[in-house]
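The values are calculated or read from the model by the stated rules, or taken from the named source; none is laboratory data. Note that the coordinates shown come from a computational prediction; the quantities given were computed from them, not determined experimentally. Here the Cβ positions follow ideal geometry from the backbone for every residue, glycine too, while neighbour counts run over all protein chains shown. The protein model used for the area step is the full one, side chains on, heavy atoms only, and it has no ligands, DNA or RNA in it. Shrake-Rupley method; radii C 1.70, N 1.55, O 1.52, S 1.80 Å.
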Amino acid sequence: LRVMRYLPGTATNGVSARANVRGGRDNELAVYFDGVPLFEPFHFKDYQGLLGVLDPGAISRLDFFSGVFPARYGDRLSGVLDLAPRRPEAGADHHELGLSLLYAHGMSVGERDWRGRPLEWLLSLRQSTAELALKAAGRGSVDPDFLDGLGRVAVRVGERSQLSAGVLRLDDTLVASVADSREKTQSRYLDGTGWIGFETLTAEGLALTARAAFSERHTERNGSLAQVGRVVGAVDDDREFSSTTLRFEARGARGWTLGLEAADIGAHFDYAAQASFDPLLAAVFGRPASFTRDTLLDAGGRAYAAYGSWLWQPGSRWRLDLGLRLDVQRY
């Protein structure tokens with residue numbers, strides 16, 4: 001995902017893997033992988049989103065749309081990043097192992113006959129080694145650990161159909177104790193996305209695609225601050241998100257596309273914090289000497305979309321894309 005910084009019309013702060021279209025925010029970019037929407041596909045989301053969740057070697061193609069994008073994409077304002085999974089090359093499997101100061105990784109992509117049908121796979125696993133480098137450099141007060149895994153299989157069903165399934169996993173932990181242990185924090189991120197897809201091509205040239213995906217994201221953050229004589233406080237922040245998305249699309253040989261989408265989304269937010277300030281310091285900033293916050297919130301709802309487009313090529317060097325999309329959200 002960090003490669004986006006080199007694309008025209010994008011901006012980044014140079015540290016984060018998040019990128020945004022100029023004029024838009026970094027949460028206004030839609031990210032898809034294998035036709036499935038990914039929500040916050042970054043490691044250490046609350047710490048600049050330092051690394052994308054996908055191994056670069058597992059991606060075959062990147063399509064980026066900024067400003068105006070085709071009608072089949074929606075629910076975002078600024079742009080779309082559509083990533084395609086790596087597919088096996090004809091007659092050649094690929095396996096690799098790697099080790100760096102950031103992570104160790106393994107990947108396998110290939111194809112075999114399964115009951116007389118071609119079965120292709122893509123497997124990827126990355127485990128962080130950054131904590132070892134930090135300890136070797138004498139920075140043991142910060143201990144980051146991350147793991148991500150990707151698995152995808154696809155099998156031919158009949159002469160013109162294919163069934164695919166995949167799973168994507170993220171597991172992050174960050175523990176830090178700085179300022180002589182006066183500031184402590186621990187964060188845990190656990191994300192999972194699974195999907196299944198079906199594609200078929202009829203004899204008349206009609207391409208039909210259906211995909212269903214389920215995603216869960218869990219975030220636990222807590223920290224404490226103990227600066228005697230100035231401020232003492234603690235915070236506990238737990239969040240849970242879940243989403244189920246469905247998409248059906250039909251494409252005709254003459255350039256038309258019709259599609260339907262549906263999504264069910266839920267969120268749980270549990271936040272508690274308390275702090276006590278030195279009375280003189282609190283008076284300088286015009287705030288109470290202590291406060292307590294406790295928030296428990298559940299939110300959810302559904303979203304629907306219908307779209308259609310027609311791609312017309314009046315000449316060898318011109319293409320006209322006419323599209324219409326309707327989005328409805330009820331949260």
Q: Considering each residue of segment 42-65, count those that are in a loop (DSSP other than H, G, I, E, B), more than 24 Å from Gly110 (Cα to Cα) and open to solvent by 10 Å² or more (accessible area, probe 1.4 Å), and give that number.
A: 6
Q. Pick from Leu170, Leu150: which is touching a helix residue (DSSP H, G or I) at 6+ places or on another chain (Cβ under 7 Å) and closer than 19 Å to Ala58 by Cβ?
A. Leu150
(Q) Suppose we filter segment 224-267 for residues that are assigned to a strand (DSSP E or B) and either more than 30 Å from Asp180 (Cα to Cα) or acidic (Asp, Glu) (or both); how many remain? (A) 27
Q: For segment 3-40, enumerate the residues that are part of a loop (DSSP other than H, G, I, E, B), basic (Lys, Arg) and surrounded by fewer than 16 Cβ atoms within 10 Å (Cβ to Cβ).
A: Arg22, Arg25
Q) Do we find a residue being polar (S, T, N, Q), out of contact with any Ser or Thr (no Cβ under 8 Å at 6 or more places or on another chain) and modelled with pLDDT of 85 or more anywhere in segment 53-60? A) yes
Q) Of the residues that sit in segment 170-197 and are part of a strand (DSSP E or B) and of a type in the set (Asp, Glu), which one is least open to solvent (accessible area, probe 1.4 Å)? A) Asp172
Q: Quickly run through segment 210-237 and pick out the residues that are more than 19 Å from Leu168 (Cβ to Cβ) and among the hydroxyl-bearing types (Ser, Thr, Tyr).
A: Ser224
Q | Within segment 200-258, tally of residues that are in contact (Cβ under 8 Å) with a residue 40 or more places away in the chain, surrounded by fewer than 16 Cβ atoms within 10 Å (Cβ to Cβ) and of a type in the set (Asp, Glu) | A | 1
Q) Is one or more of the residues making up segment 87-99 under 18 Å from Ala30 (Cα atoms) and either surrounded by fewer than 18 Cβ atoms within 10 Å (Cβ to Cβ) or modelled with pLDDT of 90 or more (or both)? A) no
(Q) I'd like the full set of residues that are within 28 Å of the chain's Cα centre (by Cα) and of a type in the set (Lys, Arg), limited to segment 115-155. (A) Arg126, Arg152
Q: Report, ordered by the first and then the second residue, all pairs with beta carbons closer than 6 Å, sequence separation of six or more or different chains, a first member in segment 58-78 that is within 22 Å of Trp310 (Cα to Cα), and a second member that is hydroxyl-bearing (Ser, Thr, Tyr) and modelled with pLDDT of 90 or more.
A: Ala71/Tyr307; Ala71/Ser309; Arg72/Tyr307
Q.
I'd like to know if segment 107-116 contains one or more residues that are over 15 Å from Pro88 (Cα atoms), surrounded by 13 or more Cβ atoms within 10 Å (Cβ to Cβ), out of contact with any Lys or Arg (no Cβ under 6 Å at 6 or more places or on another chain) and among the small types (Gly, Ala, Ser).
A. no
Q: Hey, could you check segment 126-169 for residues that are of a type in the set (D, E, K, R) and over 18 Å from Met107 (Cβ atoms) and say which is least open to solvent (accessible area, probe 1.4 Å)?
A: Glu131
Q: Check segment 68-77 and report whether any residue there is assigned to a strand (DSSP E or B), surrounded by 13 or more Cβ atoms within 10 Å (Cβ to Cβ) and not β-branched (Val, Ile, Thr).
A: no
Q. Are any residues in segment 22-47 farther than 25 Å from Phe214 by Cα and at pLDDT 85 or above, and if so, which ones?
A. Tyr47
Q: Considering each residue of segment 274-322, count those that are open to solvent by 50 Å² or more (accessible area, probe 1.4 Å) and either closer than 25 Å to Ala71 by Cα or in contact (Cβ under 8 Å) with a residue 60 or more places away in the chain (or both), and give that number.
A: 14
(Q) Out of the residues in segment 198-223 meeting the condition of being among the small types (Gly, Ala, Ser) and part of a strand (DSSP E or B), tell me which one is farthest from Leu281 (Cα to Cα). (A) Ala207
